[in-house]
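Peer 1: Structure below; questions to follow.
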Amino acid sequence: MPSGAVSPPYVVFRSIHAATGGVGNFVFLIIWGFKVLYKTLDSGTFHCPRCGADRAYQHRVGRKWFRLYFIPLFPVGKPGNEHVRCDVCKGMFTMGVLSRSTSAQLSGQLLDGVRGLIVHVLRAGSMMSPQARQTAVDEVQRFGLPGYTDQNLAADLDAVPGDLGPLMGGLGAQLADQGKENLLRAGAKTALADGALTDLERQVLVGTASELGMTAAHAQGLIAMAEQAAPHS
């Protein structure tokens, strides 16, 4: 069962009572019992851990009902077993699963991350370098925005905030190591496009790596590899 999955509820019981009496023999059946019924509180799209893809979901809560002859008559106890159910695989998960970004949301956050990092790198020393700006445009396009141009870059240089900590921290919590490395590598390639790293550019890269949750040794090793691969090295 995937992490966060909720065990399906048990139907408590259904009893059949029989009695005899009166003239002749007869059997009188009373069929009663309890069953958990669910109410949908909300719906939307989430990343299903079992399917491994974006899926529609229902946010549901259960409540036990007394049934007579299979007809629900009244609820028993308080609502419980709140969960998210995937419409495709029918898996049930705890509410925490909704805190994870969908694939579409993560793609958008990753684009914001690479654009933000590249802007910080350019601000640290290469803002007017044609080589660095072209590399910046190429890297953003490679991350999934083919229509990105130098004009868009100029707008980003004016608009990107100075603190990317919350964005990078959120990405670091969701990206695998390879995703973090690709992001940091894009910033390093941009910084190295017009020459050796300046101290300020290196600080930007190391600080971003830390926000992504990478160790200092991991970040320094990746930056060193980028420096060795740079055309001017």
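Each reported figure results from applying straightforward, stated rules to the coordinates on display, with no laboratory input. What you see is a predicted model, and the numbers here were worked out from it, not measured in a lab. Every residue, glycine as well, gets a Cβ built from its backbone with ideal geometry; the counts of neighbours run over all protein chains shown.
Peer 1: Calculate, for Asn81 and Ala53, the FRET efficiency according to 1/(1 + (r/R0)^6) with r their C-beta to C-beta distance and R0 22 Å; round to the nearest 0.05.
Peer 2: Given R0 = 22 Å and the Cβ-Cβ separation, E is 0.30.
Peer 1: Pick out which of Lys39, Lys78, Lys189 has the largest mean-square fluctuation in a Gaussian network model of the chain, springs linking Cα atoms closer than 10 Å.
Peer 2: Lys78
Peer 1: Amide H neighbours of Val36 under 5 Å, counting only residues 5+ apart in sequence or on other chains, H built in-plane at 1.01 Å?
Peer 2: Val12, Trp65
Peer 1: Separate question: Could you run the Karplus curve 6.51 cos²θ - 1.76 cosθ + 1.60 with θ = phi - 60° over segment 177-188 and give me ³J(HN,Hα) per residue in whole Hz, x for Gly and Pro?
Peer 2: Along segment 177-188, the couplings run 4, 5, x, 5, 5, 4, 5, 5, 5, 4, x, 5 Hz.
Peer 1: For semi-axes √(5λ) of the Cα gyration tensor in Å, one of (i) 61, 16, 13; (ii) 39, 21, 16; (iii) 47, 21, 12 was computed from the structure I shared and the rest are decoys. Which label?
Peer 2: Read-out from the structure maps to (i).
Peer 1: Still on this structure: Return the long-range amide H neighbours of Ser43 (sequence gap of 5 or more, or a different chain), with a cut-off of under 5 Å between placed amide H atoms.
Peer 2: Residues meeting the amide H criterion: His59.
Peer 1: How long is the gain from Ala229 to Leu157 if the chain were fully straight, where each residue apart is worth 0.36 nm and the alpha carbon distance is subtracted?
Peer 2: Value of the extension gain: 23.3 nm.
Peer 1: Could you give each residue of segment 217-222 its phi-based ³J(HN,Hα) in whole Hz, using Karplus coefficients 6.51, -1.76, 1.60 with θ = phi - 60°, and x for Gly or Pro?
Peer 2: Using θ = phi - 60°, the values come out as 5, 4, 5, 5, x, 5 Hz.
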